[in-house]
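The values are calculated or read from the model by the stated rules, or taken from the named source; none is laboratory data. Model, not experiment: these values are computed from the prediction. Every residue, glycine among them, receives a Cβ derived from its backbone with ideal geometry; neighbour counts consider all protein chains shown.
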Amino acid sequence: MIGMRSMGVLLCLVGCMVRSQSYPRWFLEQGSLNCGLTAVGYSNKGFYKDSSASQAARDARQNLARQRMAVVAGDQAFWTTEAGTAWMGGDLTVSVDSAALRTAATATGKAEIYFGDDMIISLVTSSGCDLPDSMKKLSGMPVEEPSWVHGLLSTSSRIYSMGVAPRYFYESSSWEAAELMALLGLAREGGDSVTAMEKNIPGSGQQVLNEHVSVMLKDFEIVARWFDARDQVFYVLMAADRRNIAEYPAE
């Protein structure tokens, strides 16, 4: 039999898991900002509020350096069946110029800070512009999924990629994991520098696809974020101009 105290803890855990948090619009609609290249950083809440905020701002500046230029390289494998395609794993790495990261870590400048329930979020911009008040307002996470979750609109000049991640103990870890998957998707969609080797499995209608990726990405950006409270899934939409995704090293 579950006692009243245990039942209260259980209800709290369930309630905390599905609760709806509010976020600044600049976090949910980052692609709508007209401030040049923008980046977000995270920090888990610590005992010292100012230190945690500084850590989030430093993380945002380093992410801005990464978005300016990063190299994605390595291998990954996919298993294709009649039911669809599943990712089997890979050893892809994301490399950033170490000097740029050091410079970003010590850089100063205006940063937006938001103190959430579970984490601290910071926004920095390449232009240092002031955000309109409308983008600083808090907004609850939409219940209905946005159209981009099932309909990416890549064009001849621009590529979009969606990253997905489950809920981890720290919410910031979930957002970061979804952002990384979106970045790997951009590299894969780059096209020209992706080489693949297919292996057919006789009599099964199945294929194993091994891909090698070596891509440099410049000025990629996060467009939007969404959290599916029902299924506990985090979504991130990322984009880059096709001209900013190229084979590395260039021939």
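Take the residues in the stretch 146-177 that are touching a residue at least 60 places away in the same chain (Cβ under 8 Å) and among the small types (Gly, Ala, Ser), then tell me which one is surrounded by the fewest Cβ atoms within 10 Å (Cβ to Cβ).
Ser156
Which of the residues that make up the stretch 152-170 are assigned to a loop (DSSP other than H, G, I, E, B) and within 15 Å of Gly185 (Cβ to Cβ)? Let's see the steps before the verdict.
Start the filter on the stretch 152-170 by keeping residues that are assigned to a loop (DSSP other than H, G, I, E, B), which leaves 152-157, 167-170.
Matches in the stretch 152-170: Leu152, Leu153, Ser154.
Within the stretch 40-54, take every residue that is without any contact (Cβ under 8 Å) to a residue 60 or more places away in the chain and part of a helix (DSSP H, G or I) and give me the one that is surrounded by the most Cβ atoms within 10 Å (Cβ to Cβ).
Per the criteria, the residue is Ser54.
Can you tell me how many residues within the stretch 155-190 are over 24 Å from Thr93 (Cα atoms) and touching a Phe, Trp or Tyr at 6+ places or on another chain (Cβ under 8 Å)?
The total comes to 0.
Taking the stretch 19-39, which residues are surrounded by 19 or more Cβ atoms within 10 Å (Cβ to Cβ) and among the small types (Gly, Ala, Ser)?
Result: Ala39, single match.
Return the residues of the stretch 129-157 that are farther than 27 Å from Gly46 by Cα and small (Gly, Ala, Ser); say none if nothing qualifies.
Ser134, Ser147, Gly151, Ser154, Ser156, Ser157
This table checks each residue for (1) closer than 15 Å to Pro24 by Cβ; (2) among the basic types (Lys, Arg); (3) modelled with pLDDT of 95 or more; (4) surrounded by 12 or more Cβ atoms within 10 Å (Cβ to Cβ).
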{"position": "Ala86", "(1), (2), (3), (4)": "no, no, no, no"}
{"position": "Val96", "(1), (2), (3), (4)": "no, no, no, yes"}
{"position": "Leu101", "(1), (2), (3), (4)": "no, no, no, yes"}
{"position": "Thr108", "(1), (2), (3), (4)": "no, no, no, no"}
{"position": "Leu123", "(1), (2), (3), (4)": "yes, no, yes, yes"}
{"position": "Gly128", "(1), (2), (3), (4)": "no, no, no, no"}
{"position": "Leu131", "(1), (2), (3), (4)": "yes, no, no, yes"}
{"position": "Glu144", "(1), (2), (3), (4)": "no, no, no, no"}
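For the list (1) modelled with pLDDT of 75 or more; (2) under 28 Å from Pro146 (Cα atoms), I need the number of the one condition that Ser20 fails.
Evaluating Ser20 over (1) modelled with pLDDT of 75 or more; (2) under 28 Å from Pro146 (Cα atoms) leaves (1) as the failure.
Give all pairs with beta carbons closer than 8 Å in which a residue from the stretch 110-126 that is free of Cβ contacts under 8 Å to residues at least 12 places away in the same chain and of a type in the set (A, V, I, L, M) meets a residue that is buried (at least 22 other Cβ atoms within 10 Å of the Cβ) and not in a strand (DSSP E or B); count only pairs at least 6 apart in sequence or on separate chains.
Going by the 8 Å Cβ cut-off, there are no qualifying pairs.
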